[in-house]
Amino acid sequence: MREHKIVVLGTMGSGKSTLVRAIAEGAVVDTDVLNSDRQGADKASTTVAMDYADIDLPNGDRLRLYGTPGQQRFDFLWPILLQGASGVVLLVDATRSAAADELDAYLAVLRQHAAQVPAVIGISRLDLAPDFDLDACVALAGWDQRVLPVVPVDTRDRDQGLRLMDVLMSEMETHDLVLADG
Ligand SMILES: Nc1nc2c(ncn2[C@@H]2O[C@H](COP(=O)(O)OP(=O)(O)OP(=O)(O)O)[C@@H](O)[C@H]2O)c(=O)[nH]1
Ligand SMILES: [Mg+2]
């Protein structure tokens with residue numbers, strides 16, 4: 001049986017915990033507490049260590065899914081959680097005015113700590129941001145020779161979450177083939 005460690009990154013309120021819960025259908029360990037940073041994101045709770053869920057896929061593979069805490073004061077945890085990751089989901093909250101700059105900052109984190117790890121970019125909360133510039137995001141989505149897929153996702157919806165994971169798994173398969181070749 002193959003196991004894949006998948007790490008979910010993104011700003012506060014982008015839907016990391018929501019995505020992990022939706023995919024795991026509730027069987028989740030989380031470390032959410034009452035949110036005192038309403039400036040960062042206006043919602044009731046925020047993650048202070050991580051979200052974690054084990055998911056058995058129909059093909060027999062197992063996903064170990066880790067949601068990171070989005071608050072900047074926890075940025076020291078991101079590289080720790082990224083250690084040994086076989087895939088990364090980077091969530092971008094479409095409602096944030098600085099979404100493009102924030103995407104850039106997270107790509108820099110990936111480039112530094114997970115440069116070779118397969119990754120996808122999920123654009124969340126698009127229904128709340130009809131004017132969001134998806135093309136600008138696609139243009140930013142990579143570095144050097146790497147191009148990351150950009151996928152709109154409502155993280156509350158299990159099917160959309162699973163579709164996002166499918167895209168990530170194909171990236172991971174391509175990565176394995178390239179490694180096997182070279
Ligand atoms: N309308 C809408 N709401 C969404 C969508 N995706 C997520 N949400 C909501 O946005 C909020 C996301 O909150 P969390 O999942 O706690 O975000 P997080 O990324 O874990 O945040 P931190 O742990 O604080 O870093 C929740 O209230 C979700 O219901 C979407 O596509 N559309
Ligand atoms: Mg969270």
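No lab work stands behind these numbers, since they all come straight from the coordinates. Since we're looking at a predicted model, the values are computed, not measured. Backbone-built Cβ (ideal geometry, glycine too); neighbour counts: all protein chains shown.
Data table
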| read-out | value |
| --- | --- |
| Extension gain, Ala49 back to Glu25 (0.36 nm per residue minus Cα-Cα distance, nm) | 6.6 nm |
| Efficiency of FRET between Asp37 and Arg158 - r from beta-carbon atoms, R0 22 angstrom, step 0.05 | 0.20 |
| Charged-residue dipole, Cβ positions (Lys, Arg, Asp, Glu), segment 3-181 about Cα centre, Debye nearest 20 | 420 debye |
| With eigenvalues of the C-alpha gyration tensor scaled by 5 and rooted, the chain, Å | 23, 20, 16 |
| Cut-off 13 Å (backbone N to label point 7 Å along Cα→Cβ of Arg64), residues of segment 142-178 | none |
